[in-house]
1. Out of all the residues in the stretch B:12-30, which are hydrophobic (A, V, I, L, M, F, W, C) and buried (at least 19 other Cβ atoms within 10 Å of the Cβ)?
2. With the condition kept exactly as written, say whether any residue in the stretch B:149-161 is under 29 Å from B:Leu54 (Cα atoms) and out of contact with any Cys (no Cβ under 7 Å at 6 or more places or on another chain).
3. What residue, among those in the stretch A:160-181 that are modelled with pLDDT under 75 and not in a helix (DSSP H, G or I), is nearest to A:Trp111 (Cα to Cα)?
4. Can you say whether A:Ala540 is within 14 Å of another protein chain (Cβ to nearest Cβ) and open to solvent by less than 30 Å² (accessible area, probe 1.4 Å), as far as the supplied structure shows?
5. Quick one: in the stretch B:96-108, which of the residues that are more than 9 Å from every other protein chain (Cβ to nearest Cβ) and in a loop (DSSP other than H, G, I, E, B) is least open to solvent (accessible area, probe 1.4 Å)?
6. Determine whether A:Ala278 is in contact (Cβ under 8 Å) with a residue 60 or more places away in the chain, open to solvent by less than 20 Å² (accessible area, probe 1.4 Å), in the same structural domain as A:Ile17 (by TED's automatic domain parsing) and farther than 28 Å from A:Phe478 by Cα.
7. Could you give every pair whose Cβ atoms fall below 7 Å, whose first residue belongs to the stretch A:519-546 and is free of Cβ contacts under 8 Å to residues at least 24 places away in the same chain, and whose second residue is part of a helix (DSSP H, G or I) and open to solvent by 20 Å² or more (accessible area, probe 1.4 Å), counting only separations of at least 6 or pairs across chains?
8. Among the numbered criteria (1) among the acidic types (Asp, Glu); (2) modelled with pLDDT under 85; (3) out of contact with any His (no Cβ under 9 Å at 6 or more places or on another chain), which one does A:Glu513 miss?
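The values are calculated or read from the model by the stated rules, or taken from the named source; none is laboratory data. Since we're looking at a predicted model, the values are computed, not measured. Neighbour counts run over all protein chains shown; Cβ positions are idealised from the backbone, glycine included. Side chains included, ligands, DNA and RNA excluded: accessible areas come from the protein's heavy atoms. Shrake-Rupley method; radii C 1.70, N 1.55, O 1.52, S 1.80 Å.
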Amino acid sequence: MTGFLMLVTVFLIAGVIAVPLAARLGLGSVLGYLIAGIAISPILQWLNVDIIQIQHFAEFGVVMMLFLVGLELDPKMLWAMRQRLLGLGGMQVSVTTILIAAIAMAFGLQWSVSLAIGMVFALSSTAIVLQTLNEKGLMQSQGGQGSFQVLLFQDIAVIPMLALLPLLALPEVAEHATQVSDSHGAHGGNAHGEDGHDDHGSMSLVEGRPGWQVGLITLAAVGSIGFIGSVLTRPLFRFVTMANLREVFVATALALVVGIALLMSLVGLSPALGTFLAGVVLANSEYRHELESDIDPFRGLLLGLFFMTVGAAINFGLLADNFVLVVGITLGVMLLKAGVLYVLARVFKLAGADRWLFTLGLAQAGEFGFVLLSFTVANNVIPQDIAQIALLVVAMSMLLTPALFIAYERLILPRLIDAQEQAADEIDHRSKIIVVGYGRFGGIVARMLRQIGEQPVLVDYSAKQLEALRKFDVKVFFGDGTRADLLHAAGIEDAKMLIIAIDGKEQVTHLTEHVARHHSHVHIVARAYDRPHVYDLYQAGAHDIIRETFDSAVRAGRSAYEALGIHPFQAERLAQKFKKTDRQLLVATASVHKPGVPVSENEDFIALAKELNAQMEEELQGAKAGFGIEGADGWTPPPAKIAVDTPEEKD
Amino acid sequence: MKVLVYQAHPGAPHSEANKAMDVATDAVEGIEFVDLYATYPRFDIDVEVEQARLLRSDAILFQYPLFWYSTPSIIKEWQDLVLEHGFAYGSGGDKLTGKIWSMGITCGAPEEAYGAEGYNGFALRTLLTPMEQTARLCHMTFLPPYVLYGALAKREAHGLSPHAEGWRRWLIALRDDQVDLTKAGACDVIQAEDLNEVIR
């Protein structure tokens with residue numbers, strides 16, 4: 001137990017120190033984690049930790065990340081990008097594999113070993129690239145989309161690769177492997193290899209079955225994801241929300257992701273691919289934002305852990321011994337990958353900054369390389385010593401990737417500013433509005449926004465309300481809008497406006513405070529419960545404060561005027577006059593407002609309010625004595641005697 | 001003739017002259033009266049409803065006090081919205097062709113104030129040319145306005161009943177086709193004392 005706590009503490013502290021530092025220096029979080037991993041590797045060695053084991057656990061972060069990526073992509077978008085997915089991704093994987101294999105053969109390696117190495121190096125790092133693209137807000141750019149398409153194809157390509165690799169097995173490597181298998185400790189490909197074997201060996205629904213059964217089971221598994229996502233989740237989530245406990249929802253979300261990953265690995269498919277599909281199926285669900293905000297912290301922590309293990313797993317002894325070789329191969333591989341990517345970018349018409357983002361971003365080898373390497377060693381495809389070097393190359397290239405992103409940002413982007421500006425036109429310019437609380441109040445606001453063609457993001461915490469609205473084809477996202485992470489998932493970062501229409505004075509105030517502080521670019525329209533709440537919200541930083549019953553009460557008053565026989569236009573003027581006076585009163589009494597003290601206990605407030613009321617009464621009386629009823633001043637005639645001399649035309 | 005009267009006075013309860021005219025005309029049958037400020041206290045004029053009124057009327061009259069040598073603002077708003085292109089003017093805008101367009105105006109200043117010598121500088125008809133041209137552009141017949149000069153002074157001196165009664169007579173005559181349109185059209189303005197000349 002102490003050992004476990006020790007380990008967790010070491011990882012957490014390392015991340016907490018290194019990542020903000022790296023962010024501060026503009027290096028991005030990934031490099032921060034990698035450096036943290038390198039820094040703690042002596043401690044981990046001293047603690048005798050199996051880093052590779054941890055890395056396997058942490059790889060689940062990639063699975064979660066792909067789930068989240070899927071949530072952002074609905075099936076229509078996925079279908080629309082199918083050609084680029086196959087073209088761009090397929091070309092990248094096949095051309096890079098063949099070129100690297102050819103070069104390896106030229107260096108005297110056997111063709112089967114060369115091909116395996118080609119596959120290992122062809123794959124890029126989904127974890128690093130997507131994390132960095134998201135962090136820098138480049139995901140929606142052309143280059144970011146291209147990168148994503150390639151990465152997605154690679155994730156799919158891993159599956160046939162895993163099927164293909166055992167066929168390349170070498171008998172002499174197998175003999176060699178049995179001799180050395182005990183001599184390797186915490187790091188290195190062998191421990192990795194056994195795990196890899198485990199994943200695909202011990203539990204499986206498909207092993208040992210004839211091909212047609214495998215096919216059927218696989219199809220059924222993929223089909224069940226669609227079924228779970230589109231049919232089962234809604235009643236499930238509705239059931240879960242009855243408990244009204246957040247952790248239960250989080251547990252459900254986790255169970256969904258982990259369960260699908262399990263199902264996928266049982267049938268020998270990529271868990272990442274499975275959860276990605278589940279994400280796509282759920283992309284249109286009203287629970288999307290809630291799922292996003294629940295899974296996201298786990299993804300972040302696990303990926304951070306994963307990056308740290310990459311840093312920590314670098315075998316510096318081996319690196320020092322083969323420094324020139326490893327660095328040489330790393331640079332060679334990255335150059336080659338970049339070359340292939342650059343040509344593909346040209347062919348697929350990525351221009352300017354996007355082409356460079358695509359070229360530099362995907363030039364590394366990635367975490368699937370680790371998986372493939374361990375698998376190849378386990379299946380006796382690559383000899384142990386070559387795998388060790390290859391492992392270092394993969395890690396080194398991942399370590400260099402953040403540097404390439406920095407080079408892209410600092411060196412290339414400034415020169416291509418013009419091209420970037422032109423490309424910016426393609427980005428969706430529609431303003432984004434979030435409405436929190438879709439009830440009697442928020443619903444009206446949202447309808448008014450739709451009238452002018454806006455599509456506000458609607459968030460509400462009542463599952464019942466959601467069900468009712470479904471019938472009217474109104475799409476409302478389930479979630480507690482007062483939670484910062486949910487606002488994040490709903491896109492507060494690039495929102496233009498937030499309309500707060502929830503109940504609960506305190507919650508409205510807190511939400512206003514939070515958004516005003518952390519997202520000062522967002523225009524906040526807040527609903528106030530009463531007059532003191534107006535002051536609270538003003539202090540909290542709301543831009544427009546609307547008293548929830550004021551306008552309707554004024555209208556009721558106006559109707560009363562009309563029913564009393566006052567001319568409708570006069571009634572309107574009187575209502576306006578009342579609003580103006582009330583507003584003056586609101587401003588005048590603001591100075592004596594004490595936050596947290598009810599007005600009925602605030603002596604100063606009572607005294608001032610009385611005084612102001614008396615003053616106003618007096619004014620009203622005076623007005624009556626002079627020009628008749630208040631509210632008609634502009635149109636009442638001047639006294640007859642003066643009228644003859646004035647040029648004004650009044651009846 | 002079907003007569004439509006738009007009344008517009010933002011300070012309606014306090015306008016003696018217009019109130020008297022309203023009272024006098026309230027009893028007239030077969031004429032459509034619309035208090036614009038009461039119908040549209042928030043100026044949200046319903047164009048369809050108003051155009052339908054125009055289509056079923058033969059004479060359109062506005063009853064208002066002269067404000068700043070023009071109409072109260074709601075009449076301008078009504079004109080801006082209701083007299084649409086394609087309805088009242090322009091291509092296909094012939095829906096008002098041949099209808100009578102006129103007004104009943106109360107002026108605070110006395111008659112002599114209107115003209116080159118008076119402090120208002122222009123004759124009333126000159127000040128009303130926008131109304132006249134509006135009628136022309138919409139293919140309507142402009143009928144000289146029924147006018148009460150010096151409304152404020154008259155309120156004090158003789159009372160308003162002769163004028164209000166005249167307004168009632170004028171509207172009934174229009175309704176019953178008793179107005180000699182040629183004679184009336186030749187007038188500059190029509191006052192209560194001119195009615196015997198122009199009504200058959």
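1. The answer is B:Ala12, B:Ala17, B:Ala20, B:Met21, B:Ala24.
2. No, that holds for no residue.
3. In this case the residue turns out to be A:Leu170.
4. Spelling it out, it is not the case that A:Ala540 is within 14 Å of another protein chain (Cβ to nearest Cβ) and open to solvent by less than 30 Å² (accessible area, probe 1.4 Å).
5. B:Leu96
6. No; evaluated as a whole, the condition is false for this residue.
7. So the pair list comes out as A:Ile545/A:Tyr538.
8. Unmet for A:Glu513, out of (1) among the acidic types (Asp, Glu); (2) modelled with pLDDT under 85; (3) out of contact with any His (no Cβ under 9 Å at 6 or more places or on another chain): (2).
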